[in-house]
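The values are calculated or read from the model by the stated rules, or taken from the named source; none is laboratory data. Predicted model only: the values in this text are computed from it and were never measured. Cβ placement follows ideal geometry from the backbone for every residue including glycine, while neighbour counts extend to all protein chains displayed.
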Amino acid sequence: MRKLVLLLALSLPVLADDLTRLQIHVTNERGKPVDRASVIVKFVSGRSLKALGLKKTRLSWELKSSQEGMAKIPGIPKGKILIQINAKNYQTFGDTFDIDEDERVVDIVLKDPQSQYSVHQ
């Protein structure tokens, strides 16, 4: 039993090194925070999760930004991560980021919607 506990204790730092804590900071073009924006974060690719022992790690998050425009993801595997943001009265944002840091703040600036355009007269 002692050996099992010691083995688990020694493997935890290795597993933690392969996860990143993200903070998504959502603002508009005027620099004001966007609250209650829908933030979707998905792990796309990276090192083999099986090899890392992260098979049961959560690979996607759906949450809302705070009044300060922040959305915090406590742990997602490092690698290519897709971030999508939807907010009322703003253009939808979506892009893939290559994340290899233990902690990172990703600043996203949402654009105002474009006016309607038609080729028909």
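When the residues of the stretch 60-72 are filtered to those that are small (Gly, Ala, Ser) and part of a loop (DSSP other than H, G, I, E, B), the one that is farthest from Val26 (Cα to Cα) is Ser66. Restricting the stretch 73-121 to residues that are basic (Lys, Arg) and in a strand (DSSP E or B) leaves a set whose member that is farthest from Pro33 (Cα to Cα) is Lys80.
Residue-wise test of (1) at pLDDT 90 or above; (2) more than 10 Å from the chain's Cα centre (by Cα).
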residue	(1), (2)
Ile40	yes, no
Ser65	yes, yes
Gly69	yes, yes
Gly75	no, no
Leu82	yes, no
Asn86	yes, yes
Asn89	yes, yes
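Taking the conditions (1) aliphatic (A, V, I, L, M); (2) modelled with pLDDT of 90 or more; (3) loosely packed, with under 14 Cβ neighbours inside 10 Å in turn, Val119 satisfies each one other than (2).
Could you tell me whether Gly94 is of a type outside the set (Phe, Trp, Tyr), over 22 Å from Glu29 (Cβ atoms) and either at pLDDT 90 or above or over 18 Å from the mean Cα position of the chain (by Cα) (or both)? The answer is no for Gly94.
Just for the stretch 97-121: of the residues that are of a type in the set (Val, Ile, Thr) and under 10 Å from the mean Cα position of the chain (by Cα), which one is nearest to Ile40 (Cα to Cα)? Out of the qualifying residues, it is Val106.
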